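Accompanying notes for the structure given below.
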Amino acid sequence: MKDETAGDPITGLKWTRKTTEKIADELGAGGVDVSARTVCRLLKKLKFSLRVNRKQLSNCTAHPEQRNRQFENIAFIHLLCDRHNLSVTVAHYPSGCSKWNPVERQLFSRISANWKGVPLKTYETALNHIRTTKTKTGLRVKAYLVRKLYSRGQKISDEQMGKLNLIRDEILPLWNYTLRPSPPS
């Protein structure tokens, strides 16, 4: 527990980065059979504060490199649409809407629980926390670092956008759209 204990030196408040369930599982693997509820009571007796990770709203806006990457993806999808005569519908979940995305809700909450506020000083630390995440049903997460450098500040002209056969959906039109093959010339 020593390496998994965090706290506030000013108030003296301390907590563990592990959930009571994870502590109970680890104790069970070591031959000590206890429930998560018992771990909770023991931690309270040891004057640990039982805290949970809390998401906070971000007030960020899209960066030009994100916009450029999005357009590159759209152009690639459009190429596939033309080549294979396909229509592809793209539906994004807006930022902060993970409660509507069942995979994100189940997976990211597990990543956050595994992470538990550990400072992410290196890419390897972040990747390790993501890669060691596992759900109760056995779902594991794969993650890797892409070191490719992307060019920044590229502008997409109205003419380029006009060449896309992109039809925006009625619901969240900025996020959801269908790309169709280009009309015959």
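Are there any helices (runs of 4 or more DSSP H) wholly within the range 87-177 with 1 or more residues that are under 18 Å from Phe71 (Cβ atoms) and either in contact with a Gly (Cβ under 8 Å, 6 or more places away or on another chain) or modelled with pLDDT of 85 or more (or both), and if so which? Passing ranges, in order: 158-163.
For the range 27-48, residues that are modelled with pLDDT under 90 and either of a type in the set (Asp, Glu) or in contact with a strand residue (DSSP E or B) (Cβ under 6 Å, 6 or more places away or on another chain) (or both) total 1.
For Ala24, the criteria (1) part of a helix (DSSP H, G or I); (2) aliphatic (A, V, I, L, M); (3) modelled with pLDDT under 80 hold in every case but one, which is (3). Would you point out the residue of the range 132-185, among those that are over 27 Å from Leu86 (Cα atoms) and in contact with a Ser or Thr (Cβ under 8 Å, 6 or more places away or on another chain), that is surrounded by the most Cβ atoms within 10 Å (Cβ to Cβ)? Here the answer is Val141. Each residue in the range 116-137 was checked for being among the hydroxyl-bearing types (Ser, Thr, Tyr) and under 19 Å from Thr16 (Cα atoms), and 3 pass.
The values are calculated or read from the model by the stated rules, or taken from the named source; none is laboratory data. As the structure is a prediction and not an experimental result, all values here were calculated from the model. Quick reminder, even Gly has a Cβ in these numbers, built from the backbone with ideal geometry, and neighbours come from all protein chains shown.
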